[in-house]
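Report on the structure given below.
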Amino acid sequence: MSTFREDGGAALDWVASYLDRLREYPVLAQVEPGEIRAALPLAAPERAEPFANVLRDLDGVLMSGITHWQSPRHFAYFATTGSEPAILAELLIAALNQVGILWRASPALQELEEVTVDWLRQLLGLPDGLHGQIEDGASLSTMIALASAREARPESRVVLASEHAHSSVEKAARLLELDLRKVPGDDVFALRVDQLDLAEACAVVATIGTTGPTSIDPVAAIAERCEEEGVWLHVDAAYAGSAAVCPELRGLFSGWERADSIVVNPHKWLLVPQGCSVLWTRRPEEVRNAFSLVPEYLRVAEEVASLSEYTQVLGKRFRALKLWAVLRCYGREGLQAVIREHLRLAALFERWVGEEPGWELCAPRHFSLVCFRHEGSDELNEALLERVNASGDVFLSHTRLDGRYVVRLAIGNARTTEDDVRFAWEVLRREARGVVA
């Protein structure tokens, strides 16, 4: 039987080889539903197997069912990066296997998280004094914010959000038995403040960088209304918030410093692997009132508020370690360089589309997402996207804006180059000729 060091070396070699060969794989998994399951044994083995068998079956069985989010040609949804420092940090997280049920259970977990989210707050230009915590994703962060808003104003049960807000807002409202009322968007898909009726509201969710067109709600004006009426303002900047690391982009975030809570996902555009969503609030006592429940077996002498008192999750993972690794190994300048390059590439792609006869741009571009379509019917554009994705060359996704089917190209992978974006445009034009013909 091989040793841990030998297996570890083999796993690290596998990861390094995988990252080197990303462009060789079809970006979208090329399997049918149930195909991977059918290739796996029906029961666990009776006897121990060597770890080498796991790597063998990763290559031989699972890889055909992997959609390569690490690929520089993954342009669907919001592209992401699991950077090398964060990948290594994930190994350390698993090795340490911390369970942050309270401060005593892992002082380093809690205090590193407190420090690291404050580093990020400073990098994004957010005000002093915010309480920050790391959650698994923006869906949970938003649920925590809305539960806190309900706690702060229990007689009011309405949540207001743009019609373009993320579906996690609706899911959170459903689970919390709140009434979500969707507010119409204007001609650039931003929430119409003149349509806000706060009479029964406990919270408004404003979005900077909506999932479909990355539109920007008028946060400053919304904050003014919320402050007047005593309504909790939650800002969803899960995707776009990382861009505030660049001072020249801070104008797009005007007003978010007045929010009661803000969510930013470093696992979307800040090089951290999946499972790192940062929630800040300037009203931590309401959050703690909504979630703190300390059973007898967790009562201790230390007068420390554990992070588990601010969330519905008890056993927190050591997620701060991977964010800490990224912030240290890239620094402010490195993070800014990544964001700025993605904005440059998106602007370049936007220009190509705008200059090409037969194609049209469908929404203003604020960040690194371009919404566009080929002239013609929705059916034509849907068929085009199916052909592009089936090729395996690149992977894009879609949305609907003003009732029309729109293709989205999202740039967010640190390994994406101008050649990759140009290649995506060539694939789109190639497949369009097949559809139009």
Going through segment 20-47 in order, the residues found to be in contact (Cβ under 8 Å) with a residue 24 or more places away in the chain and either part of a loop (DSSP other than H, G, I, E, B) or loosely packed, with under 14 Cβ neighbours inside 10 Å (or both) are Y25, P26, V27, L28, A29, Q30, V31, E35
Selection from segment 357-410 of residues part of a strand (DSSP E or B) and either over 26 Å from the mean Cα position of the chain (by Cα) or polar (S, T, N, Q) (or both) yields W359, E360, H374, S397, T399
Wholly inside segment 204-305, helices (runs of 4 or more DSSP H) that include 1 or more residues that are within 23 Å of G331 (Cβ to Cβ) and in contact with a helix residue (DSSP H, G or I) (Cβ under 7 Å, 6 or more places away or on another chain) are 266-269
Taking segment 176-196 and keeping only residues that are of a type outside the set (A, V, I, L, M, F, W, C) and either open to solvent by less than 70 Å² (accessible area, probe 1.4 Å) or outside any loop (DSSP other than H, G, I, E, B) (or both), one is left with D179, R181, K182, P184, G185, D186, D194, Q195
Only one of R400, R422, R404 is farther than 22 Å from D217 by Cβ, at pLDDT 95 or above and surrounded by fewer than 16 Cβ atoms within 10 Å (Cβ to Cβ), namely R422
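Residue by residue, here is whether (1) small (G, A, S); (2) in contact (Cβ under 8 Å) with a residue 40 or more places away in the chain; (3) more than 19 Å from G137 (Cβ to Cβ) holds:
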residue	(1), (2), (3)
V159	no, yes, no
E163	no, no, yes
A172	yes, no, no
T207	no, yes, no
T211	no, yes, no
I216	no, yes, yes
E224	no, no, yes
When V117 is run through (1) under 30 Å from E200 (Cα atoms); (2) in a helix (DSSP H, G or I); (3) of a type in the set (A, V, I, L, M), the failure sits at (1)
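The values are calculated or read from the model by the stated rules, or taken from the named source; none is laboratory data. Computed from a predicted model, the values in this text were never measured in an experiment. Positions of Cβ are backbone-derived with ideal geometry, glycine not excepted, and every protein chain shown enters the neighbour counts. We work out accessible area using only protein heavy atoms, side chains counted, and drop any ligands, DNA or RNA first. Shrake-Rupley method; radii C 1.70, N 1.55, O 1.52, S 1.80 Å.
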